[in-house]
Amino acid sequence: MGLEKLAQLGWYKVEPSSPEEIADLFSIVDRSLDDLKVEGISDDLRFHAAYNGILTVANIALRASGFRVSAGQGHHQRVIESLEYTLTTQDQDAREKWVRKIKSHSQKRNTTSYDSAGGVSPNDLTQIIRDLTTLRACVTLWLKETHAEFVHTKSARDS
């Protein structure tokens, strides 16, 4: 099943994007990457910044594909799950692995947001930062290969 079929089910809606929108979304990712460098805040908040960056990177792929998540519950989950259909330069197993990893990060973020503080270990933080950096690079390459019209001016982080 592809995004078109899921749009028919109401999970996503067709909505064209623009190079400016994609550039604006990348600026949010860049802000998250900058926020991660602030060591004076808790690892929980740094983890949240990385998670928000990952979510935005997944949304970049969705928006560049011409879709947006429909309003309603589970918005973050639908953005994450859309990677199975968007990141087509990777095989299905790799795309499913990304979804599983990000959902795991989502559970950790939810726990530290709603249940208890201090639940992010140094290893958790290192892993999510690595995942954000890697996913950003994957989506940047995917854009160049499949949606070059959305590749805006090159950021220092795109190399």
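The values are calculated or read from the model by the stated rules, or taken from the named source; none is laboratory data. These numbers were taken from a predicted model, which means no experiment stands behind them. Neighbour counts are summed over all protein chains in view; Cβ atoms, including those assigned to glycine, are modelled from backbone coordinates with ideal geometry. For the accessible areas, the whole protein counts, side chains as well, though only heavy atoms, and no ligand, DNA or RNA atoms are used. Shrake-Rupley method; radii C 1.70, N 1.55, O 1.52, S 1.80 Å.
Mind checking the angle between helix 19-35 and the chain's longest principal axis? C-alpha axes, 0 to 90 degrees, to the nearest 10. Around 10 degrees separate the two axes.
Only lysines eight or more places from residue 108 in sequence, or on another chain, were considered; those with a Cα closer than 19 Å are 97. Against the compact-protein benchmark of 2.2 N^0.38 Å, the Cα-based radius of gyration of segment 1-134 scales to 1.07. The length gained on full extension between residue 15 and residue 115, counted as 0.36 nm times the residue separation minus their Cα-Cα distance, comes to 32.4 nm. What the chain shows is 52 Å² of accessible area per residue, with the surface traced by a 1.4 Å probe over protein heavy atoms. Element breakdown for the chain at a 1.4 angstrom probe: carbon and sulfur atoms account for 51% of the accessible area.
Taking loop as defined by DSSP and a crowding limit of 12 other beta carbons within 10 Å, which trypsin sites (Lys or Arg not before Pro) in segment 64-159 fit? Here the sparse-neighbourhood loop sites are 154. Within the same chain, lysines fewer than 8 places from residue 5 are excluded, and of the rest, those with a Cα less than 17 Å from its Cα are 13.
Projecting the alpha carbon convex hull of segment 57-159 along each direction and taking the average yields 7.6 nm².
Measuring nothing but how far apart in sequence close Cα pairs (under 8 Å, 6+ apart) lie, relative to its length, the chain scores a relative contact order of 31 percent. Using θ = phi - 60° in the Karplus curve 6.51 cos²θ - 1.76 cosθ + 1.60, the 3J(HN,Hα) couplings for segment 136-146 round to 4, 5, 4, 5, 4, 5, 4, 4, 4, 7, 10 Hz; x is entered for Gly and Pro.
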